[in-house]
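> Questions regarding the structure given below will be posed in turn.
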Amino acid sequence: MTDTPVSSQDQPNDQESGLSVLDLADLPPTLLKVVRLVLRQGPISYAELRQAAAALPDAERPGQAELDASLMILCAQGWLVRVDGREPGYKVNLRRRAGGALAERQPRSRAARALSQKIWTALDTESDS
């Protein structure tokens, strides 16, 4: 058995094909366990994922074959994306919220923050009267 059960060709690489966190409820229990492990760890190598799975309680611990099959299914369905680096690994493929990305917001200038504070001060002063 190799340390890389899924080839890079087996997964979608399109960020738009990511899934919503709300879709997690539809996953079977074994697949959900694997996704949750990857979510908790962030991008995770295959070896680290095996260690994290081995640390689960006996009743929840997937076997090696079950873990490999889950990874193949999750990559094929677009839940996980294989990350090629020094050590191949996986990350969850969640889609970005449309229009809600914090990175797209411009930081407020010092003048805008000061104006905002003046408005709140004025409103507080008016309400005290």
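The values are calculated or read from the model by the stated rules, or taken from the named source; none is laboratory data. Bear in mind the structure is a predicted one, so any value in this text is a computation, not a measurement. All Cβ positions, glycine included, derive from the backbone under ideal geometry; neighbour counts span all protein chains shown.
> Given the criteria exposed (fewer than 10 other Cβ atoms within 10 Å of the Cβ), modelled with pLDDT of 80 or more and assigned to a loop (DSSP other than H, G, I, E, B), does residue 107 qualify?
In short, no.
> Going through segment 9-49 one residue at a time, which ones are touching a strand residue (DSSP E or B) at 6+ places or on another chain (Cβ under 7 Å), modelled with pLDDT under 80 and hydrophobic (A, V, I, L, M, F, W, C)?
Selection gives 19, 21.
> Filter segment 51-97 for residues that are assigned to a loop (DSSP other than H, G, I, E, B), of a type in the set (A, V, I, L, M, F, W, C) and under 11 Å from residue 37 (Cβ atoms) and give the result.
Passing the criteria: 55, 56.
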